[in-house]
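Taking it in order: structure first as structure tokens, then the write-up.
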Amino acid sequence: MTNLPSPTMESEQFFDEEEEVPLEKDSPLHNLILLRTLQEIKAAVETIDVFTVPIPSRSANVVLSSLRAIVPTSLQHLRRLVKPCYIPDSLVDFLAVPTTPPEENILYLLVCPVTDISEENLRNFLQELPAFSTTGVVPRIMTVAVPSSQPISAVQATEWSAKYWPAVYKRGNPYGPHPSIVSQSLRALVDPEKHLRLAKQVATQAASSGEGLGFGAVIVDPQTGQILAAAGDARLRCKEKGWGNPLDHAAMRAIDMVAQRRLGRTQNVRPDNKVEVWDGKYLEDEEAPAKADTKADENSNTENEDKDGDADDRKDDGYLCHNLQVYLSHEPCVMCSMALLHSRVGAVAFGTRMTRTGALNAEEGGRQMGLFWRPELNWKFVCWQWKAEPGEEMKSHENVDA
């Protein structure tokens, strides 16, 4: 008998195990839930109909080689030849093994999508092959539904193998961040619990001040661990003209603070609505060189401008927040999400999902935009939602853009 690829070989698994160092059992990183991209979600639910036919195992290679002449090679994410013992339980009755001599072994061949060839033409072709012509057996062609795209993880491959058809996981993800990118980004996060707590504190104080809604944002430099900006929402703050700025969302203000810091325009890096920061200090580099004082608005403390006109020496091709980490109390709106993307942030973690206005989550129950990772956009970043402990959830402000 010819040795065939697994799962005809019982000792081999359906997928390659992902080589990843597990997190420590008590690591707070377990509270971070990775967001799935819009493409990942679609790939997980879309199926196509394909033909399958039982064939004698000794003729498998000949049948496969012959089929390549009439149908394109596809379905690379699924096992082409499968032993009956690996068929999912839901298909066992439907794909009943036909009566054959005891010494004959049967394999189920996954042929091709039903759109590639008609059932009649496929049957006529198979009947001409020795596997069927010499025995007089009529090919028993059946149709099954299988995932149209490749699995994005070993876990998903296992699920599909049990539900649809034995699947192959190839340690890649064409629909989202590669597993190695996710792992590296997760471990590079700088104390996410602390900074999300700070974002929530800033949000609470922004709301209590009456100058904004209960949203907060914190931006951190992963290279140094330094907090570059912490901002509360300020859309309700009245200025000299008597009205507030509806665009003063927490994330927008935090990005602006980083911009002012980088340009050395003496803008205070902490929120200018008198919100105290996490450790009671200004979010400015206290060891920065001497600077010249410049007047700021009345709600801001006076800060200093770098003599060289540059308060940041990061090499990032001029993008404001290149590879910086952003921690938000709530899922950002479309405006803030696109601002984060165009600022080239490296990672985002938020606390409360905004089902009616949030633009990062692509799951059902929301706007399903998934703006953090879309193929038509020229930048992508990894995104998580923090799973809050009971009693720690913040008010969602469901009808308001965060």
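Brief remarks follow.
- With all protein chains modelled, accessible area of TRP379 [1.4 Å, Å²]: 60 Å²
- Taking a Cβ cut-off of under 13 Å around ALA359, the surrounding Lys, Arg, Asp and Glu residues balance to a net charge of +1, with basic ones at +1 and acidic ones at -1.
- Placing GLU389, GLU40 in order of accessible area, with the largest value first and a 1.4 Å probe, yields GLU389, GLU40.
- With a 1.4 Å probe rolled over the protein heavy atoms of all chains, the accessible area of SER118, SER161 falls in the order SER118, SER161, largest first.
- Normalised per residue, the accessible area of the range 51-144 is 50 Å², obtained with a 1.4 Å probe and no contribution from ligands, DNA or RNA.
- Over 28 Å (Cα to Cα) - which of LYS163/LYS395; LYS42/LYS380; LYS194/LYS380; LYS42/LYS387; LYS42/LYS395; LYS42/LYS200 fall in this group: LYS163/LYS395; LYS42/LYS395; LYS42/LYS200
- Where N is the number of residues in the range 51-144, Cα Rg divided by 2.2 N^0.38 Å: 1.02
- Here the range 51-144 exposes an accessible surface that is 53 percent carbon and sulfur, computed with a 1.4 Å probe and the other protein chains kept in place.
- Based on C-alpha pairs under 8 angstrom that are at least 6 apart in sequence, the range 51-144 has a relative contact order of 51 percent.
- Efficiency of FRET from Cβ geometry, SER208 and LYS170, R₀ 60 Å, rounded to 0.05: 0.70
- In range of the label at ASN31: residues from the range 187-205 whose backbone nitrogen is under 13 Å from the point 7 Å along Cα→Cβ: 191-201
- Extension gain from ASN399 to ASN245, taking 0.36 nm per residue of separation minus the Cα-Cα distance: 53.6 nm
- Segment CYS238-ILE141, extension gain: residue separation times 0.36 nm, minus the distance between their alpha carbons: 27.6 nm
The values are calculated or read from the model by the stated rules, or taken from the named source; none is laboratory data. The structure displayed is predicted, hence computed values, not measured ones. With ideal geometry, Cβ positions are generated from the backbone for all residues, glycine too; neighbour counts draw on all protein chains shown. To get the accessible areas, we keep the full protein, side chains included, count just its heavy atoms, and leave off ligands, DNA and RNA. Shrake-Rupley method; radii C 1.70, N 1.55, O 1.52, S 1.80 Å.
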